[in-house]
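To keep things clear, I will list the structure first and then write my remarks on it.
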Amino acid sequence: MKFYFAPMEGLTGYIYRNAHNIYFNHVDKYFSPFIVASQRSFKTREWKDIMPENNQGISIIPQLLTNHADDFIHMSKNLKQLGYDEINLNLGCPSGTVVAKKRGAGFLSFRDELDVFLDEVFTASVTKISIKTRIGVDQSEEFYKIIKIFNKYPLKELIIHPRIQKDFYKNKPNLEIFKDALTLSKNPICYNGDIFTFKDYRTFINNFPEVDTIMIGRGLIINPGLVRDIKNNVKLDKNELKAFHNQIYEEYKNTLFGDRNILFKMKEIWVFMISVFSNNEKYAKKIKKATKLTDYEEAVASLFEEQTLLEE
Ligand SMILES: Cc1cc2nc3c(=O)[nH]c(=O)nc-3n(C[C@H](O)[C@H](O)[C@H](O)COP(=O)(O)O)c2cc1C
C-alpha cells in the first residue's frame, strides 16, 4: 500500500512536511497545498514552499489551482525547471470563494470547459499530470459524466475524495460512487477521505482490497504517526509527538515575524492534533486563547505533562 499526505493549505507547508518526514518517515509522497496558477512567477511564500532546498529528501508533488490552461502550462514550466516531473491539478477545493471563480470543485460544473482545459494541458505535455477531485458539485451522479472526461486523458493518477462540493466535510464519503469509479476509470485511482484510525483503514481495505494507494489528510494532522501505525503497528508516543511539535514550533519562530503569526500557525495544527489527547477540552481552550508565546508554551507543556494519548 502506498500512502500520500494530502495537501492542506495553512497546515502542510514545508516546515510541517520536513518535521513530519524526520519524525514519521512512512509516507510515500507529500502534496503541496495549492498554488493559484497565473502568468506571474512564484510569490515568496509559494517559492519557499516548493524550492528544492526546502524539500530535501522529500517526495513532493506541487499542486496547481486554476481553470486557465495557459496559466497551468506557464507554471508547469517553472516547476519543471525546478525538477518537478508531476503536477497535481486541484479539482476538489470546496471553498465558496474558490468555487465562485470556477476553480477547484467549482470547475467540475463546467465540463465542456474542463475538457478543453485538459486537452490543452495534455497537448502541451510539460510534466505528468495527476488530478485530485471531488465527485461533483450538487449531486454525486455528476461523477458519471466527469469520469468520461478524465478517461480521455492519460493521468498519472486520479485521486478521488468521494464527496460533492456542497458537502464540504459533512456527510460521509460516497463509497458506492467510489466503487463505480474503480471499474469505470481508465487511470490509476487513489482513495482519499475520512481515514482517521487504523480501524478506519482496515474497514476500508476490507471493502476495497483492490485499492493500492490511499491519501490521508486530517487523520495525519490529528495523529502524525498514523501511517506508521497502519504499516508497522507502532503507536504514537508522547515524547516523539512533543519533539515533533517543538521542531515545528522552533522553525516557525525562526521564520515568522511576531507572536501572532507564529501562534496562528500553531493553533491551526492544534485544531486537529488536540484530539489525540485525553480530556483535551480545557487545554484546547487555553491554546486557542493564547496571545503570547509564553501562554502558549505553558498550555502546551501542561497538556503534554498532564494528559495521555488516546489509543484510537
Ligand atoms: C484545512 C484544510 C486545507 C486543505 N487544503 C487543501 C489544498 O490545498 N489542496 C487540496 O487539494 N485539498 C485540500 N484540502 C483537502 C484535503 O487534501 C483532503 O482532500 C480532505 O481533507 C479529505 O481527506 P481527509 O478526510 O483524509 O482529511 C484541505 C482540507 C482542509 C481541512
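The values are calculated or read from the model by the stated rules, or taken from the named source; none is laboratory data. Just so you know, these numbers come straight off a predicted model, no measurement behind them. Using ideal geometry, Cβ is built from the backbone for each residue, glycine included, and neighbour counts are taken over all protein chains shown. Calculation scope for accessible area: heavy atoms of the full protein, side chains included, ligands and nucleic acids excluded. Shrake-Rupley method; radii C 1.70, N 1.55, O 1.52, S 1.80 Å.
Ignoring ligands, DNA and RNA, please state the percent of accessible area on segment 1-156 from carbon and sulfur, probe 1.4 Å.
Numbers: 3200 of 6450 Å².
Accessible surface attributable to carbon and sulfur in segment 1-156 totals 50 percent.
Separation between the residue 54 and residue 203 pseudo-spin-labels, each 7 Å from Cα along Cα→Cβ, expressed in nm?
So the two model labels end up 3.8 nm from each other.
Ordering 93, 190 from largest to smallest accessible area (1.4 angstrom probe), what's the sequence?
Working: 93 20, 190 0 Å².
Accessible-area ranking of 93, 190, largest first: 93, 190.
Specify which residue in the list 197, 226, 248 is farthest towards the positive end of the charge dipole of segment 171-312, using unit charges on the beta carbon of Lys, Arg (+1) and Asp, Glu (-1), about the Cα centre.
248
Which one, 293, 236, 182, has the greatest fluctuation when you compute a Gaussian network model over the chain with C-alpha springs under 10 angstrom?
Maximum fluctuation in the GNM of the chain, among the listed residues, is at 293.
Could you identify which residue out of 151, 246, 254 has the top mean-square fluctuation in a GNM of the chain using Cα springs shorter than 10 Å?
Per the Cα network of the chain with a 10 Å cutoff, 254 tops the list.
For n ≥ 4 DSSP H runs only, could you compute -39500 (n - 2.57) per run for the chain, divide by its residues and tell me the 222 nm figure to the nearest 500? Kindly include the intermediate steps, with their values, before the conclusion.
Values: 14 runs with 145 residues, N = 312.
Rounded to the nearest 500, the figure is -14000 deg cm²/dmol.
Starting from the residue with the highest accessible area, list 45, 111, 228, 134 in decreasing order, probe 1.4 Å.
On the way: 45 165, 111 60, 228 30, 134 5 Å².
These residues rank, largest area first, as 45, 111, 228, 134.
Pick from 247, 81, 165: which residue has the top mean-square fluctuation in a GNM of the chain where Cα pairs under 10 Å get a spring?
Comparing 247, 81, 165 in the GNM, the peak value goes to 81.
If you count only protein heavy atoms and use a 1.4 Å probe, how large is the accessible surface of residue 259, to the nearest 10 Å²?
Around 60 Å² of this residue is reachable by solvent.
Using only Cα atoms, locate the centre of segment 242-308 and the centre of segment 128-166, then give the distance between them in Å, rounded to an integer.
If you average the Cα positions of each part, the centres end up 36 Å apart.
Provide, for q = 0.10, 0.14 Å⁻¹, the log10 of I(q)/I(0) from a solvent-free Debye sum over equal Cα point scatterers in the chain.
Result of the Debye calculation: -0.58, -1.12.
Could you work out how far apart the two model spin labels at residue 281 and residue 128 are, taking each label as a point 7 Å from the Cα in the direction of the beta carbon, and quote it in nm?
4.8 nm
Grab the Cα-Cα distance for residue 212 and residue 176, subtract it from 0.36 nm times how many residues apart they are, and report the gain in nm with one decimal.
Extra length from residue 212 to residue 176 when fully extended: 11.2 nm.
Which whole-number percent is the relative contact order of segment 238-306 (Cα, under 8 Å, 6+ apart)? It would help to have the intermediate numbers written out before the result.
Numbers: 37 pairs, mean separation 20.9, N = 69.
RCO, segment 238-306: 30 percent.
Which value, in Å², gives the accessible area per residue of the chain when a 1.4 Å probe is used on the protein heavy atoms? Walk me through the numbers before you get to the answer.
Working: 14500 Å² over 312 residues.
Accessible area per residue, the chain: 46 Å².
Nearest 20 debye, what's the magnitude of the dipole of the chain about its Cα centre given +1 on Lys and Arg Cβ and -1 on Asp and Glu Cβ?
Roughly 380 debye for the chain.
Tell me the label-point distance for the pair residue 238, residue 42, using the 7 Å Cα-to-Cβ offset, in nm and rounded to one decimal.
3.9 nm
So what is the relative contact order of the chain, in percent, for Cα pairs below 8 Å that sit 6 or more residues apart? Write down the numbers at each step before the final one.
Numbers: 503 pairs, mean separation 46.4, N = 312.
Worked out over the chain, it gives 15 percent.
Note the full-extension length gain between residue 68 and residue 1 as 0.36 nm times their separation in residues minus their Cα-Cα distance, in nm to one decimal.
Values: separation 67, 0.36 × 67 = 24.12 nm, distance 3.41 nm.
Difference between extended and current length: 20.7 nm.
Keeping all protein chains in position, work out how much accessible area residue 38 exposes to a 1.4 Å probe, and write it in Å² to the nearest 10.
Its accessible surface works out to 30 Å², give or take rounding.
How much accessible surface area, in Å² rounded to 10, belongs to the heavy atoms of residue 141 with a 1.4 Å probe?
Ignoring ligands and nucleic acids, residue 141 comes out at about 110 Å².
Protein chains only, probe 1.4 Å: how do 270, 47 rank by accessible area, largest first? Could the numbers behind the result be given before it?
Working: 270 10, 47 100 Å².
Per-residue accessible area, sorted high to low, gives 47, 270.
Which whole-Hz ³J(HN,Hα) couplings does segment 228-239 yield from phi under the Karplus relation 6.51 cos²θ - 1.76 cosθ + 1.60, θ = phi - 60°, glycine and proline marked x?
Each residue of segment 228-239 in turn: 5, 4, 5, 6, 10, 6, 10, 7, 5, 10, 4, 5 Hz.
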